[in-house]
Amino acid sequence: MHEDSTFLSGSILQEDQAFVLYHLPGADMLQVSLLAPDATAVPPADAASFAVGRFDCFTQSEPCFFRIRISYSVSPGEFRPEQSLAGLGIGRYEGRDYEKALFCANVNRAVQAMERGEFQKVVLSRPKWKAGVSAKQTGTLLRELCAAYPLSFVCLFHHPQLGCWITATPELLLNRSGDILQTVSLAGTRVSAEGAGAWGSKELAEQQWVTDYIQHVLEDNGVRDLERQGPETLRTGHIEHLRTRFSGRISNKNTFGEVLKALHPTPAVGGVPKERAAAFISGQEGYDRQLYSGFCGPVDADGSASLFVQLRTARIYTNGTLYFVGAGITAASHAEAEWEETENKYRILAQFLQSE
């Protein structure tokens, strides 16, 4: 890495700074950006920004757009800042771990509610606490994540008030380039295995509900020339998902914001119908999802944007790491299997964050 880049990374990666390091799916380079500490509710018209939204964005909170003050690109292999992950943790976590019995009870309540016809699908999540923070260098962690998940959005977002977050999400929420809009339906999960064969009916039904919902939202919000491909199997590490891809055209700059507001949270992190599932989550989960199952990503001054669902994510505290994991629940769900699915998703990041 060039000396000026080394100097910039050293000045940007400070515990009192707002910054983001991210790697777009399939990209060659890592983006390193110093952010303005204060956010706006709409993207700045004269500068690029980084967007962050909570799960409850547009209902109980507003999106945050942080103006990018300084930015440069670097190969992940050449990104070698001296800052360790342990040095970036913000605040102490004083909460308790989420008990298996509570999660399984919530799954059973959801299944009973679906049997009564209250909704068709809901995503239930839980936090998982691990004391202690790895002394691994930040550059080493990002190189490992980019190599392991080249088709995921890998991101380290650091803000003195919002915390330090590591994400390696496979799910695109919305991409806009000119008048072209792209999104995906990602639902249905299983552990990768040789000869896994056809997907089960539970996963196929889950994928279909999410796909139908997204198509309905796109059509209702004026997306033209809509094309749909899939479902196909997407592998991320030891986990596989069903994915359907959408692309279409939008007629004006306002359409992107309207589609974003209508889509989020998608059934891949909320449920079907959207409002009933969200109400169930609010009443049963019993914890604050924070940025988990929200969205994040870069937004250019010309309106181009790549926003991703904040999945496979963890918050780094000074005394440990809080992971966030969830599972899509349908009437065919079994609590023990859904618990194991969340354990499998936890391992996606933990294998990197818990090692030295």
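Worth a mention:
- Inter-probe distance in nm under a simple model that places probes 7 Å from Cα toward Cβ, at T318 and D302: 4.4
- Matching the structure-derived mean projected area of the Cα convex hull in nm² against the labelled list [x] 16.8; [y] 28.9; [z] 18.6 gives the label [x].
- Going from the residue with the fewest nearby Cβ atoms within 10 Å to the one with the most, Y213, Y317 rank Y317, Y213.
- log₁₀ of I(q)/I(0) at q = 0.26 Å⁻¹ - region 295-356, Debye sum with one point per alpha carbon: -1.07
- For E118, E219, the sequence from fewest to most other C-beta atoms within 10 Å is E219, E118.
- Prolate/oblate/rounded label for region 53-186 (Cα gyration tensor, a/c 1.5): oblate
- Reported to the nearest whole Å, the Cα centre-to-centre distance from region 229-273 to region 60-102 is 24.
- Counting charges near T330 (Lys, Arg +1; Asp, Glu -1) among other residues having Cβ under 12 Å from its Cβ returns a value of -2.
- Cα centroid separation, region 292-356 to region 139-155 (Å): 14
- Per-residue [θ]222 nm for the chain (sum of -39500 (n - 2.57) over DSSP H runs n ≥ 4, rounded to 500): -9000 deg cm²/dmol
- Length gained on full extension, M29 to D97, computed as 0.36 nm times the residue gap minus the Cα-Cα distance: 20.8 nm.
- Among D97, D179, the order by Cβ neighbours within 10 angstrom, fewest to most, reads D97, D179.
Each reported figure results from applying straightforward, stated rules to the coordinates on display, with no laboratory input. Being a predicted model, the structure only gives us computed values, none of them experimental. Counting neighbours? That spans all protein chains shown, and the Cβs are built from the backbone with ideal geometry, glycine included.
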